[in-house]
Amino acid sequence: MTSEKPLILNLLIGNKFDIQEYLQIQSSITLQSALNSPQISSLNKENEKSLSAAIRIALGIVNKMFNLPDTKKLNDMQINYLVSYLKKEYWRFKFDEFIYIFGQGIAGKFGKSYNRLDVEVVSEWFKVYERDYFWQQRELSGLNEAANLKRQEREKPIEYKPMPEHIKQEFAELARKLNDAPVKEEVKTESLQERLKQQKEKTDAQLKELLPSLTLPELKEMLNEFVLKENESQAEIIREYISNILNELKW
């Protein structure tokens, strides 16, 4: 399912660009509404040139919003670098999150500019957003979605049909066999730390098999463990897995 392009993206790549309209739409984007726009990686697959052009124009507007000498602002080379870098590094972000970050950066809410605007300053805005808002907003969105489902269930209860007699008999027979089966010695459940220790030497494929058995808090704990140990390759596998789960929750 392809998401509809956000209004602000259509404006950026359209033939009649109006900077005032852009700034008005940008100011209306919130942390929650930004999640309704398509993911950067999806837009990049659909039309890489259009996405790059839109980010380039947005960065150009950021440049104009700073009252600095040209030598203290982004030049064409830095803008082109940022377009490529941001798409690659923050591919899991939504497009409107990019626009939101640019707006908050201009307002000085993601750190000081230190009387300059360069690659380091813009990159810092994205680091602050990822650290303080990225996962928090997705967890909140997931909770809201779960609450909406519960509300829908209350408003329209599920109609339960009686179980057919032959199914009841099969369950009864299965229960009898389970009761007659010899009791096995209880297997001690491994802790997350023990599984982490065993996982250390395993391949990426084995890690992917392990992930579905973990809860979201355990996934985040494992991700933090790999980041601290600078195991970036397996940390990226976990990030991608969590991102897929949250996208499924949303849609």
Between residue 70 and residue 132, what's the calculated FRET efficiency when r is the beta-carbon distance and R0 is 41 Å? Round to 0.05. 0.85
Karplus-derived 3J(HN,Hα) from phi for segment 68-77 (6.51 cos²θ - 1.76 cosθ + 1.60, θ = phi - 60°), whole Hz, x at Gly and Pro, runs 10, x, 4, 5, 9, 10, 5, 9, 4, 5
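Starting with the fewest neighbours, write out 22, 100 ranked by other beta-carbon atoms found within 10 Å of each beta-carbon.
Fewest to most other Cβ atoms nearby, the residues stand as 22, 100.
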Starting from the Cα of residue 19, step 7 Å along the direction of its Cβ; do the same at residue 245; then give the gap between the two resulting points in nm. 4.4 nm
Could you please rank 37, 84, placing first whichever residue has the fewest other Cβ atoms within 10 Å of its Cβ? 84, 37
List 165, 48 from most exposed to least, where exposure is judged by having the fewest other Cβ atoms within 10 Å. 165, 48
Taking the Cα-to-Cβ direction at residue 116 and at residue 193 and moving 7 Å from each Cα, how far apart do the two end points lie in nm? 4.5 nm
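Bear in mind these aren't lab numbers, they're just calculated from the coordinates by the rules spelled out. Just so it is clear, the model here is predicted, and its values are computed rather than measured. When we count neighbours, we look across all protein chains shown, and the Cβ atoms used for this are built from the backbone with ideal geometry, even at glycine.
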